[in-house]
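In what follows, a structure is listed as structure tokens, so that the remarks can point back to it.
Laboratory data are not the source of any read-out in this text; all were calculated from the coordinates shown. Predicted, not measured: the structure shown is a model, and the values here were computed from it.
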Amino acid sequence: MRGDVFWWAAIALLLFAGEVLAPGAFMLWLGFAATAVLLIVLVVPGLSVLVQACLFAALAFVSIFVWRRWFRGRRALAGGDPILNRRTAALIGRVVPLDRAIVDGHGRVQIADAFWDVSGPDLPAGTPVRVVSADGMTLRVDAVRGDAAG
């Protein structure tokens, strides 16, 4: 019996160590399954190796199912930013003054430390404009009227 406990402890530690070396949350759940089998073997001594292996397989499937259904889905929802890698989409709605007048439909604005090409109606430099869309790296802007700024 004590040999079984040792082997399940070793398997659990190896799986946890594997998770540390190659993170991905997969071996972590297998390590939890091995730990659960270790605890079962402590509580119910004398289980055959076949029963222990079947318990491990069943608990591994259950733990991975729980991870996929519960934790993995919640992690994706919590950290999901739909505009994370679409910088121009994050600028839509911003109101900024024109850095260079829009002439023949083309001008320039400065947002933070970056200059952006803009397209829109001809307007003088300094006019507040609202970013309404983006086409590649060119922002489409419209003039802000009256109290609509902000």
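Evaluating 6.51 cos²θ - 1.76 cosθ + 1.60 at θ = phi - 60° for every residue in the stretch 56-67, the Karplus couplings come out as 4, 4, 5, 5, 5, 4, 5, 5, 5, 4, 4, 4 Hz, glycine and proline recorded as x. Taking amide H as placed 1.01 Å from N in the peptide plane, the amide H of Arg108 sits under 5 Å from that of Asp99, Arg100, Val118, each at least 5 places away or on another chain. The 3J(HN,Hα) values that the Karplus relation (6.51, -1.76, 1.60; θ = phi - 60°) gives for the stretch 9-14 are, in residue order, 5, 5, 4, 4, 5, 5 Hz. Gly and Pro appear as x.
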